[in-house]
1. Give the separation of the Cα centroids, region 97-166 to region 181-260, in Å.
2. Among D143, D251, what is the fewest-to-most ranking by other Cβ atoms within 10 Å?
3. Sketch the reach of a paramagnetic label on F198 as a point 7 Å from Cα along Cα-to-Cβ, and name the residues of region 205-231 whose backbone nitrogen lies under 12 Å away.
4. Compute the normalised compactness of region 133-228: alpha-carbon radius of gyration over 2.2 N^0.38 Å, N being the residue count.
5. Among S120, I3, S157, whose Cα projects farthest towards the positive end of the dipole of the chain, with charges put on the beta-carbon of Lys, Arg (+1) and Asp, Glu (-1)?
6. Can you check how the C-alpha radius of gyration of the chain compares to 2.2 N^0.38 Å, as a plain ratio?
7. Report the charge-dipole magnitude of the chain in Debye, nearest 20, computed about the Cα centre from +1 at each Lys and Arg Cβ and -1 at each Asp and Glu Cβ.
8. As an exercise, use a Förster radius of 22 Å and the Cβ-Cβ distance of T81 and N51 to find the FRET efficiency, rounded to the nearest 0.05.
Amino acid sequence: MIILNASNTDQVASASTLEVLLGEPSRRMMIFSGIARPETRVNNDEETYGNEVIVKLGPVVSHLESAVAEVGLASISNDETAFTFSLTNARVEVEPATGHLQLRVAIELRGEDTWLHRFSYQVVAHVVKAAARISGTIRLPHDILDARQFPAAEVASWFRVTANRVDTVPAGGFSFEQLVPLAAARFGEVRHGDLDSFVDYTIDGCPFALPLRVTCDAGPTLQRAGATFVQVSGPRPVFLSNVEPEANGVDFAAARAVIR
């Protein structure tokens with residue numbers, strides 16, 4: 001089996017996607033095209049060898065309603081022997097573990113020093129996109145900063161909440177973690193209690209099948225108030241999939257920064 005990723009230009013050339021909304025926000029028509037580069041070889045003109053090529057198209061979906069796929073030979077070579085080149089079957093499917101949309105193509109080759117370098121594809125699919133989402137609440141004690149004195153829109157501007165990929169970066173024989181922001185939060189309701197204020201947040205469009213670390217950082221207003229944030233509930237890291245596309249209750253609380 002040969003697995004190619006449409007986001008990698010070394011594996012798929014000229015990959016492109018067109019997405020059209022079909023009434024409801026989650027229902028889409030998606031059109032994909034590209035030139036897959038399996039670079040597969042056989043060296044026997046007496047037997048036909050079969051294999052499968054999977055092209056990972058990219059989007060994560062919760063349901064594939066219908067799809068059509070067309071493939072064609074784009075680049076082949078043979079050392080002047082009897083040969084066979086065939087693309088015998090092509091179908092679009094959803095990978096069960098991750099929800100990624102992918103194209104599966106069955107190929108057959110025969111011949112001495114025979115190569116299937118490239119084939120082209122075009123896919124039209126009607127899908128329901130998965131709502132990958134992380135949500136939670138931020139607690140801000142009034143003794144750090146009393147948010148009741150400010151408009152809700154201003155309060156929301158005090159926070160920076162992001163979902164991050166965690167990369168390990170080597171440095172001088174050691175390594176350290178580097179957070180790469182992938183999606184930022186939008187803020188919802190601001191509520192006030194006797195001792196604390198609470199701000200709801202939601203992060204949409206998070207990637208699947210990737211450990212994510214959610215961080216809450218103080219903006220300039222809260223930095224001047226000496227606030228820092230810690231995660232007090234919810235998974236760490238967060239791991240989303242098409243089976244569990246949402247993580248709720250990833251909550252944070254503010255405390256005063258300790259100066260030593």
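No value in this document is a laboratory result; all are computed from the given coordinates. Quantities reported herein were computed from a predicted structural model and do not represent experimental measurements. With ideal geometry, Cβ positions are generated from the backbone for all residues, glycine too; neighbour counts draw on all protein chains shown.
1. 17 Å
2. D143, D251
3. It comes to no residues whatsoever.
4. It is 1.26.
5. S157
6. It is 1.38.
7. The calculation lands at about 1120 debye.
8. 0.70
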